Each structure stands twice: as C-alpha cells, then as structure tokens.
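These notes are about the structure you will find just below.
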C-alpha cells in the first residue's frame, strides 16, 4: 500500500518530520519514503491508505511488561496495606500468579494487547508467570498475539518459590517455546529465557538455566528492584546481584536486566562490559516506592537503557512523562532527565533491542527496510513542530487518545479508533466473566 496525506515523523537519527511525503509498503516492510507526488505517479494502481493530515510515526515499543497482571486491576488486597515491595510481592503478585489457569492466561494477554493496540504500542517484550498453569502457557500468550497481530517476545518466569518441580517446569517451558519460535520463524514472534529474580532462585537453578538456554538467546530477569534483592544475594553468596548473575553467565548482549534500581558502580560496570540491556519502568518504581535507578549514569557508562511499563497500561507516552518528571523530583533538580535522554531510551535503545529480538530487521523507525509498524496521531500543534523538538511536543502535547490507527507489518489492526482484528466487546465480556473466578482463587491462596 501507499500511505498518503500524512506528516511523517521518522524516528531516524537525527529525527525528521517530512511533509508532502508518502510511504510505500510491500510484504509488511517499508520499501520507500519519498515525495508523495513522485510515489503516486510511479504507483498509480497501488492501494492507498489516507492519513488525513495526521502524523504518521512508528509504533511504540515496550521493553518489559507483564500481561498476566491484568486481573489485578480493581482487586481488593486483604489486610493492612503492604508496607514495602517484599510485602507487595507476598500479598499481591505471588497469590495472583498462582490463581491463573489457562483461560485466565489467554484473556489477560488479550485484554493487555487490545490496550496496546489502542495506545499505539506495537512491540512488547513480556515476562510471564502462572505457576499452576505452566506447561503450554506461552503458547496461550502467543495465540493472543496471533489474534491481535502484535509483535511480541515472550518468556516464562523461572523461580524456586513454588518448589523444585515447578522451577524445572518453568525451564522446560522456556526451552520448548524457544524451539517453537526457531521452527516457526514467525517474524512477529520472538523469545527470551525468563527468570524471576536473584532472590527467588538458587545457585543450582541458575546453573540449570545457563545449561539449558539454547544458543543465541538471552535471559530476561528482574534485578535489584528493591534493596532486599541485594541483601539476599549478599547473605546467600557474598556477592551483589549483578556480580552473582555475571558469575553464572546470565549477562550478555541478548539479556535484559529489569529495573536495576539498587545496583552499585561495579555492577554498572559489569552491565556495561557485557553489553547487557537494562529496562526502566518509572511508573512501577513509583508505585512500589522502591526508588529510581541512576539511568543517566548508566547511559553515560555505555549501558543501553530501554523503557518498559512493568504491566502498567501500554500507554508508553505516559511512561515517558513519568520518567521526565520523576527523575527531576527524585534528584531535586529540574535539569535531570531531559527530553533527549528519554528519546535515547524509549526510542533509539528500544529500537535496537527490538531489532535484536526480531531477526535483525529494523523496528520502530520509518526508513526503507524497516517493518511497517506504524501509528497515525491526530495531533494539531499550535507551535512549530520539528524533528528536533519532537520530544517536548510528545511530553507536553501528545496523549494516547490522539492515536486513531495502528498497524503492524503493514496490517491495519485499528482504523479510526475501531479494532479490526477481533471483537473487542466479546473479549472484554469474556474477560469479565473469568475475573471473579481468578479473584476467588486469589483469596484462597492469600
């Protein structure tokens, strides 16, 4: 198709906004970006998708999320409020993940993916847990991805907290799904090898994970989200978390470290030396009151810091805005976390991470050879809008309700705010039917 009558925000480096240009797409890939008059003259019979004067830009990328957390929305947690992050895990997340069955796994993924389509997030890297429904759980999430048409990388969270048998089952699920991804060669589906966190895995489990991971894949693990992770590692091994993971070969240029709030200078050096990716989730860090990581120092050290949402809504511009404000307040300094730093994380580093996940084809940029994962944004600026000042228009002008159209690999998933790939009302109705059953099981597990 030809996308015409749009203003194109490319997210190249440097970023450009192109007026009176069109985008030619073939087989899900952007073939050419050129003046509209030229392309329409050369391809008069090509199907046209009219952007109607809106901004055409790459879909957003989420470097870390949890689809399975969907059923926490509105759920009452018994007893007094959790006083810290360890209590949040014990009172909310660990009883909840035990409450998921196959049906709940599938529909928690579907509702989150619908949310992603509506909020213009086209690539998501998920970290799944359902200890009472492990076998085949990643197939259920992958089926939701197939139905919605989104680009997703999946893994299962290995942990010892539910016993050795379930720990080994989690390892098998990761390996099985990675082999499936290798066989299918679906460009919209990728895999990592999930581990929960250092504080819930033994040395023996880390050894097994390292021994079982297929060649060419990386790990996806929470690190030092709260200081308890560091103190647990020091008590068990005499090493800080990143040092311990480094010892077991968990770090590397295919691995994603999530949060890294309480890492020290040596741990930052290890992450930089091993070219390990770090994902930052400011809304989650604020909600759990765990502090904020030294993102700017990490990037200065050479770490590719990306941006995820940790299971919050897939409105990634909200994550941008939170990061922009939270780091200023945390450091009592309005100069911290500038717009260009945000774009480095949320756009350019996320682009590179997604490219490593999905076969080396560029994702998240409008340029020849990149996947046509695009959104239309109905934004009407009343001040000059350029490639250079785009971060501040997004921070102070954009909101997700302006997204009218979402496509992945050239397939339109939403057009004029209507989901085209499935019956949204039917999915929500079924998800609502399942929710009370999940909540009942949660109260039994609590």
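Only the coordinates and a few stated rules stand behind these numbers; no lab work does. From a predicted model like this one, the values you see are computed outputs, not experimental measurements. Glycine also receives a Cβ, built like all others from the backbone with ideal geometry; neighbour counts cover every protein chain displayed.
Per residue of the chain, what 222 nm ellipticity follows from adding -39500 (n - 2.57) for every DSSP H run with n ≥ 4, rounded to the nearest 500?
-11500 deg cm²/dmol
Roughly what would the spin-label model give for residue 102 and residue 411, points 7 Å off Cα along C-beta, in nm?
Inter-label distance under the simple model: 2.3 nm.
Go ahead and collect, in residue order, the members of region 148-190 whose backbone nitrogen is under 14 Å from a label point 7 Å along the Cα-Cβ direction of residue 202.
Backbone N within reach: 159-169.
Calculate the radius of gyration of the Cα atoms of region 60-357 to one decimal place, then report Dmax, the largest Cα-Cα distance, as a whole number, both in Å.
Here Rg and the maximum Cα pair distance are 17.6, 51 Å.
Counting other C-beta atoms within 10 Å, which of 123, 386, 10, 322 has the fewest, and how do the rest follow? Kindly include the intermediate steps, with their values, before the conclusion.
On the way: 123 28, 386 12, 10 22, 322 19.
Sorted ascending by nearby Cβ count, the order is 386, 322, 10, 123.
I need the peptides 360-370, 417-427 ranked by packing, meaning the mean over residues of other C-beta atoms within 10 angstrom, with the highest value on top.
By packing density, highest mean first, the sequence is 360-370, 417-427.
To make sure I understand, if each residue's beta carbon is the centre and we count other beta carbons within 10 Å, what order do 236, 83 fall in, fewest to most?
Ascending number of Cβ neighbours within 10 Å: 83, 236.
Could you check what % of the DSSP bridge pairs in the chain are antiparallel, to the nearest 5?
Values: 25 of 56 bridges.
So the antiparallel bridges amount to about 45 percent of the total.
Calculate, for residue 84 and residue 19, the FRET efficiency according to 1/(1 + (r/R0)^6) with r their C-beta to C-beta distance and R0 51 Å; round to the nearest 0.05.
Efficiency computed from Cβ-Cβ geometry: 0.50.
In nanometres, what is the gap between the two model label sites at residue 266 and residue 182, each 7 Å from Cα along Cα-to-Cβ?
So the two model labels end up 3.6 nm from each other.
In nm, to one decimal, how far is the residue 50 label point from the residue 333 one, both placed 7 Å along Cα→Cβ?
So the label points at residue 50 and residue 333 sit 5.2 nm apart.
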